Amino acid sequence: STQTAGLAFAGTTTTGPDNPGATNATEEYNGTSWTSVNNMNYSVRNFGGAGTQTNAVAAGGNPGPSQYNSTTGEYDGTDWTAGTSLPTALQDNQGMTGASQSAAFFVGGEGPPGSRRTDTLEYDGTNWTAGGSIDTGVMQNGASGTLTAGLTFGGTTGSAVTTTIGYDGTSWSTRPSMATARQYAHGAGTNVATFVAGGLGPPGGAITTTEDFTGETTAVTASTLTTS
């Protein structure tokens, strides 16, 4: 969504590595303040989400104590309702993006028993269908853009990576790599104007930089992340 119509949902409210706590809380942002609204249809962390403040979708994740989940949730700006379940339960599928719940997709994720996935799943608001696959399984990757002009970046293939690839709605192709290997990083934007911030780098230390991606053929730049 935009800065004046943001949406945050689920995650964990506890601290510590891999803590099993998960929440179903949902909050909306109007550019000035956050407001609690109706809860999600399931509690979860380490999942994927996409869409806008009035048209969002969540899928998969770790509900704790079960490690993998196939649940889908749809948000219409007021209520969450259950959508069509994923064909396979998984978690760490943060590489999810899309303009709405009827044009969303994700690539990668962790499926039991701990395998990193190479497939893409697309959601049309009713059904999940298979999209183009990637060469190397990844999880905990970030994503931005739309179903026909998307990016995924970073994640782990066994250790944190710098890889960036683009999606045209059918197949994936190589883009310039990030400057810093990172997993659990989050980004936003389009396939030619994206930023990524934070995350964990090898061997798991927190990263405090942000990177900007300024085009399909332009290298990324790194700068220090500042907060106010």
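Below, the figures for the structure above:
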{"quantity": "Among Q140, T170, A50 - extreme Cα towards positive end, dipole of the chain, charges at beta-carbon", "calculated": "Q140"}
{"quantity": "Proximal charge balance of S100 [Cβ under 13 Å; K/R count +1, D/E count -1]", "calculated": "-4"}
{"quantity": "The range 61-97 residues near the modelled D124 label - backbone nitrogen below 18 Å, point 7 Å along Cα→Cβ", "calculated": "83-87"}
{"quantity": "Simple label model, 7 Å out from Cα along Cβ direction - D135 to D76, nm", "calculated": "4.5"}
{"quantity": "Answer label for semi-axes √(5λ) of the Cα gyration tensor in Å (calculated), chosen among [x] 33, 20, 16; [y] 65, 19, 16; [z] 24, 20, 19", "calculated": "[z]"}
{"quantity": "Centroid-to-centroid separation of the range 136-159 and the range 63-103 [C-alpha atoms, Å]", "calculated": "17"}
{"quantity": "Percent RCO, i.e. relative contact order, over the chain, from Cα pairs under 8 Å lying at least 6 residues apart", "calculated": "10"}
{"quantity": "S66-T88 FRET efficiency (beta carbon distance; Förster radius 22 Å; 0.05 resolution)", "calculated": "0.95"}
{"quantity": "Accessible heavy-atom area order of T214, T84, highest first, probe of 1.4 Å", "calculated": "T214, T84"}
{"quantity": "Cβ-defined net charge surrounding N141, 12 Å radius [Lys, Arg +1; Asp, Glu -1]", "calculated": "+1"}
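The values are calculated or read from the model by the stated rules, or taken from the named source; none is laboratory data. A quick note: this is a predicted structure, and the numbers were derived from the prediction, not measured. Positions of Cβ are generated from backbone atoms using ideal geometry, with glycine treated the same way; all protein chains shown enter the neighbour counts. Calculation scope for accessible area: heavy atoms of the full protein, side chains included, ligands and nucleic acids excluded. Shrake-Rupley method; radii C 1.70, N 1.55, O 1.52, S 1.80 Å.
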